[in-house]
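**Student:** Below you'll find the structure I mean.
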Amino acid sequence: MTFLFSLLLFWIISVLFQTIKSLLKKTSPDIPDVPVSPPHFPLLRVPYVPLRRIIDFMDPDSLVSLSFCSQKSNSVIKTHRKVSFDGRLLIGGSDKNASFLSFTNYTFGIVLKRNQVLRAHKLVDNINYENMELVKMGGQHVRVEVDHLHGYIISYWDNTVNGLKVITDYVTNLFNIDVSEIWASKQSLHMIEWVNSRQKTPLRNVSYADSSAIAASEEEMIYILKDCRPISRLGIHLKSPKNFRFTEKFPKVDCLEISDGKWVTLDNLLTMDGIDIILKSSTLTNTDLINFLRHWLSGGCPRLKLFSAATGSLDILHVLDGLLPNPVLVEDRRDYTSPFGYKRTLSFGIDVRRADGVTATVCKQGNGTLIIAVWPVTTYNSN
């Protein structure tokens, strides 16, 4: 395929040069330098050892492009790639007309386009697809083109839901990996259930977001909270149903961020077991916050490192009055970074200490936000 070959040629030459230099320094004693059978694609005529090195050097988007060139190139990538990717596979399905796959180190909220690997776009009437390359995925022929600015491949589908499933199957099969993260919308919520049904490895991170003013249904909210069960991070960024309440025990999630937290009650807080808990647009009262502080001081929510609740009406003096017999006033400004990367500047707060010696700073920030920052500062190991 001349189009994909010309796209890859310059990159391959530069990587081949690096590989040859590394081979001059060290040759593997374990694998014989046996040439592979001559394929149609010139790169695959390279001897086994440098071929493996080249494939290990290549970025995911380049490997996906190469895999479309022939069945042989697809098979060689599956067989010879040994180096694991630094990032994890993310499915982004926030738009019913476009979805993407990306390998990314943790960046929850924005994926740089240069990290994207393969996209699924909806076929539209005003574009001529006849001059585009035709590749085979999931037993069907699909029109594709390359985004020349960022290097990823765009595939076109009558149904982007089916398209996203096909490209997910293709990439996970090519690299022998599971999906780790999903950014879902109301249109792509089904992808969470579909991914969980196709792999044994649980999802690590789920973000459920919708930019429209339409509220989620109670069924959608309960599914996200009860059945989706990511083991690391859950973000809920959409309008909640009116009068919604979650009456079951809160799921154990390391990092929880809720943008419309009006529905979160004190009973929910008392069943949470998280490291970072971020609540925006909260309706928690000062009394609720006092009771949560008492809960933490008595040993509840033991893994907590950062708690943030934006109520808009916080009376910090009322929250602290009578709660702590010997609070330590902290006038110095201190910077705090939570295990999941949330940054807060703590000023004019008080330090409180649990019976086990763990210390936290409690302070008020703009927009009536209560902050509880537990020391010492630590980082989260996502592996």
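**Student:** Inspect region 355-364 for any residue being more than 25 Å from Lys262 (Cβ to Cβ), touching a residue at least 40 places away in the same chain (Cβ under 8 Å) and acidic (Asp, Glu) and give the result as yes or no.
**Tutor:** Step one: filter region 355-364 for residues more than 25 Å from Lys262 (Cβ to Cβ), giving 355-361.
Next cut, touching a residue at least 40 places away in the same chain (Cβ under 8 Å) only: 355-356, 360.
Of the ones still in play, those that are also acidic (Asp, Glu) are 356.
Looking for residues that are more than 25 Å from Lys262 (Cβ to Cβ), touching a residue at least 40 places away in the same chain (Cβ under 8 Å) and acidic (Asp, Glu), one finds at least one in region 355-364, hence yes.
**Student:** Here is a list: Lys280, Lys249, Lys262. Which entry is closer than 29 Å to Ile350 by Cα, without any contact (Cβ under 8 Å) to a residue 24 or more places away in the chain and not aliphatic (A, V, I, L, M)? Write out each step before concluding.
**Tutor:** Working: Lys280 fails: without any contact (Cβ under 8 Å) to a residue 24 or more places away in the chain; Lys249 fails: closer than 29 Å to Ile350 by Cα.
Testing whether each residue is closer than 29 Å to Ile350 by Cα, without any contact (Cβ under 8 Å) to a residue 24 or more places away in the chain and not aliphatic (A, V, I, L, M) leaves just Lys262.
**Student:** What single numbered condition from (1) without any contact (Cβ under 8 Å) to a residue 24 or more places away in the chain; (2) over 25 Å from the mean Cα position of the chain (by Cα) fails to hold for Gly300?
**Tutor:** Going through the list (1) without any contact (Cβ under 8 Å) to a residue 24 or more places away in the chain; (2) over 25 Å from the mean Cα position of the chain (by Cα), Gly300 breaks only (1).
**Student:** Another question, then. Among the residues of region 301-312 satisfying the criterion of being buried (at least 17 other Cβ atoms within 10 Å of the Cβ) and of a type outside the set (Phe, Trp, Tyr), which is farthest from Cys363 (Cα to Cα)?
**Tutor:** Result: Cys301.
**Student:** To continue, here is another question. Identify, from the list Ser347, Ser308, Ser298, the residue that is hydroxyl-bearing (Ser, Thr, Tyr) and closer than 21 Å to Ser282 by Cα. Spell out the reasoning first.
**Tutor:** Numbers: Ser347 fails: closer than 21 Å to Ser282 by Cα; Ser298 fails: closer than 21 Å to Ser282 by Cα.
Ser308 is the lone residue from the list that is hydroxyl-bearing (Ser, Thr, Tyr) and closer than 21 Å to Ser282 by Cα.
**Student:** In addition: Where residues in region 224-283 are part of a loop (DSSP other than H, G, I, E, B) and aromatic (Phe, Trp, Tyr), which of them is nearest to Phe307 (Cα to Cα)?
**Tutor:** In the first step, residues of region 224-283 are kept if they are part of a loop (DSSP other than H, G, I, E, B); the result is 229-232, 238-254, 259-260, 264-265, 271-275, 280-283.
Retained after the next criterion (residues that are aromatic (Phe, Trp, Tyr)): 244, 246, 250.
On the way: Phe244: 22, Phe246: 20, Phe250: 16 Å.
That would be Phe250.
**Student:** Being modelled with pLDDT under 95 and either of a type in the set (Gly, Ala, Ser) or outside the structural domain of Thr345 (by TED's automatic domain parsing) (or both) narrows it down to one residue among Leu269, Leu238, Leu297, Leu256; which is it? Spell out how you get there, then give the answer.
**Tutor:** Values: Leu269 fails: modelled with pLDDT under 95; Leu297 fails: either of a type in the set (Gly, Ala, Ser) or outside the structural domain of Thr345 (by TED's automatic domain parsing) (or both); Leu256 fails: modelled with pLDDT under 95.
One residue alone meets the criteria, Leu238.
**Student:** If you check Lys262 against the conditions, is it at pLDDT below 95 and within 19 Å of Gly312 (Cα to Cα)? Lay out the reasoning, then the answer.
**Tutor:** On the way: at pLDDT below 95: no; within 19 Å of Gly312 (Cα to Cα): yes.
Taking the combined requirement at face value, the residue does not satisfy it.
**Student:** Testing Arg245 on (1) within 21 Å of the chain's Cα centre (by Cα); (2) more than 23 Å from Leu203 (Cβ to Cβ), one condition comes back false. Which one is that?
**Tutor:** (1)
To keep it simple, each residue is scored yes or no on (1) modelled with pLDDT of 90 or more; (2) more than 19 Å from the chain's Cα centre (by Cα).
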position: Ser155; (1), (2): yes, yes
position: Val171; (1), (2): yes, no
position: Glu181; (1), (2): yes, no
position: Ser185; (1), (2): no, no
position: Asn205; (1), (2): yes, no
position: Ala216; (1), (2): yes, yes
position: Arg229; (1), (2): no, no
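**Student:** Moving on to the next point. How many residues does region 300-315 hold that are of a type outside the set (A, V, I, L, M, F, W, C), at pLDDT 95 or above and assigned to a loop (DSSP other than H, G, I, E, B)? Outline the logic, then answer.
**Tutor:** Restricting attention to region 300-315, the residues satisfying the condition of being of a type outside the set (A, V, I, L, M, F, W, C) are 300, 302-303, 305, 308, 311-313, 315.
Restricting the remaining residues to those that are at pLDDT 95 or above gives 300, 302-303, 305, 308, 311.
Add one more test, that the residue is assigned to a loop (DSSP other than H, G, I, E, B), and what stays is 300, 302-303, 305, 311.
Of the residues in that region, 5 qualify.
**Student:** Do the conditions hold for Leu149, that is, is it over 25 Å from Val206 (Cα atoms), modelled with pLDDT under 90, aliphatic (A, V, I, L, M) and exposed (fewer than 13 other Cβ atoms within 10 Å of the Cβ)? Show your work before the answer.
**Tutor:** On the way: over 25 Å from Val206 (Cα atoms): yes; modelled with pLDDT under 90: yes; aliphatic (A, V, I, L, M): yes; exposed (fewer than 13 other Cβ atoms within 10 Å of the Cβ): yes.
Here the answer is yes, as Leu149 does meet what is asked.
**Student:** Taking region 221-270 only, how many residues are within 23 Å of Thr287 (Cα to Cα), out of contact with any His (no Cβ under 6 Å at 6 or more places or on another chain) and among the hydrophobic types (A, V, I, L, M, F, W, C)?
**Tutor:** Residues flagged as within 23 Å of Thr287 (Cα to Cα), out of contact with any His (no Cβ under 6 Å at 6 or more places or on another chain) and among the hydrophobic types (A, V, I, L, M, F, W, C) within region 221-270 amount to 9.
**Student:** What's the number of the only condition in (1) under 30 Å from Cys69 (Cα atoms); (2) polar (S, T, N, Q); (3) in contact with a Cys (Cβ under 7 Å, 6 or more places away or on another chain) that Thr172 fails to meet?
**Tutor:** (3)
The values are calculated or read from the model by the stated rules, or taken from the named source; none is laboratory data. Because the structure is predicted, anything quoted here is derived from the model rather than measured. FYI the Cβ positions are ideal-geometry reconstructions off the backbone, even for glycines, and counts take in every protein chain you see.
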